[in-house]
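Everything on this sheet refers to the single structure shown next.
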Amino acid sequence: MLIKYQISGDKIIESTKERSPILVYINPDEKEKKLLIDDYKIDEHTLHSALDPNELAWLEFEPNHLALIFKRPKKYSGTDQLLFKAGTIGMFFFKDLLVIVLGEELNLFDGKLFTKVTSLTEVMLKLIYRSIFHFLDHLKVINMISDELEQKINRAMENKYLINLFTLEKSLVYYLDAINSNGAVIEKLKHNAKRIKLSRSHLEMIDDIIVENNQCGKQAEIYSDILASLMDARASIVSNNLNILIKILNIITIAIMVPTLVVSIFSMNVRLPFQDFTHAFWIILGVASVSMAGVLLIWRYLKL
């Protein structure tokens, strides 16, 4: 699917013009891929890399354009079961044209970051900038989910919530890899500023992007280290909760067995004391209750 955009009044708006400066191809079909390869001279391998979610970020200079692959969080759905993944976006920067290729539909130009745009170079840089903010938003969500899972684990007696934490930790590893990969590309952009013909304002923006990306990577690393270091402790909590439950069940079982033994003795088919006594039933019930209370007191005294 192809969506065309143009810059009008310092804003990016959809366009119906045949030669629009910004072309966004969402999960292109074979016909659109052939068009990109034949007409725009985009390398076939590079095009496939832009659609491969496992591809790392990289930057290459082609004869007639700049090819840039960078990472961005994928859309999360309930079927992912707390697994957050990173997707890939390809940008192909020509002299007066920006071609964007992605595998899923995303709101690329949302947020106040795109309320003032003056050039295609700025669009390219702000898309990278926006991906960093997107990672930060997802990290906040992961941290909130982690806090909720910690509270549930304190009362849990099964591995369900531990598995969820393992999944979150795996997500952070994916994100950390993607963020570091983006960082290498941003540094390469800065080192080739003259070749790309970046202005001073563009270089200042790249410096801001580098700072934000480093902070984002550090935050992802901290979250990952915290989850990894506390995983054994949380597993011990679940095991301890299960041991406490088994202990309580043992106490109940033993407490029930003692009065059952008393009642069973008086239920034997032989001559026993009180069998001709009018209140024998209540006496037996009382002895059973006292015996159960005695067992519980002994258990408490021994602090078992």
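Computed from the coordinates by the stated procedures, all read-outs in this text should not be read as laboratory data. Please read all numbers here as calculations on a predicted model, not as lab measurements. Note that we place each Cβ from the backbone using ideal geometry, even for glycine, and neighbour counts take in every protein chain shown.
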Checklist line | Residues of region 216-229 classified as touching a residue at least 60 places away in the same chain (Cβ under 8 Å) and more than 12 Å from S146 (Cβ to Cβ), total | finding: 3
Margin query: Which of the numbered conditions does V99 fail, given that it passes all the others? Conditions: (1) of a type in the set (V, I, T); (2) closer than 30 Å to D29 by Cα; (3) surrounded by fewer than 14 Cβ atoms within 10 Å (Cβ to Cβ).
Written below: (3)
Notebook entry, point to check: For region 102-130, how many residues are farther than 24 Å from L36 by Cα and surrounded by 15 or more Cβ atoms within 10 Å (Cβ to Cβ)?
Noted result: 4
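Pick from region 21-38 the residues that are of a type in the set (D, E, K, R) and assigned to a helix (DSSP H, G or I): which of them is nearest to G90 (Cα to Cα)?
Among residues in region 21-38 that are of a type in the set (D, E, K, R) and assigned to a helix (DSSP H, G or I), the one nearest to G90 (Cα to Cα) is K33.
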Item checked: Filter result for the condition that a residue is without any contact (Cβ under 8 Å) to a residue 24 or more places away in the chain, assigned to a loop (DSSP other than H, G, I, E, B) and not aliphatic (A, V, I, L, M), over E18, E55 -> E18
Next item on the list: Taking L82 as the residue in question, decide whether it is of a type in the set (A, V, I, L, M, F, W, C) and assigned to a loop (DSSP other than H, G, I, E, B).
Entry: yes
Note to self: Can you find, within region 39-52, the residue that is surrounded by the fewest Cβ atoms within 10 Å (Cβ to Cβ) among those that are part of a loop (DSSP other than H, G, I, E, B) and under 27 Å from the mean Cα position of the chain (by Cα)?
What the structure shows: D52
Checklist line | Near pairs, Cβ below 8 angstrom, 6+ apart or cross-chain, from region 60-71 (in contact (Cβ under 8 Å) with a residue 60 or more places away in the chain) to any residue that is basic (K, R) and surrounded by fewer than 23 Cβ atoms within 10 Å (Cβ to Cβ) | finding: F61/R195
Note to self: Checking the structure you have, find out if any residue of region 118-127 is without any contact (Cβ under 8 Å) to a residue 60 or more places away in the chain and touching a strand residue (DSSP E or B) at 6+ places or on another chain (Cβ under 8 Å).
What the structure shows: yes
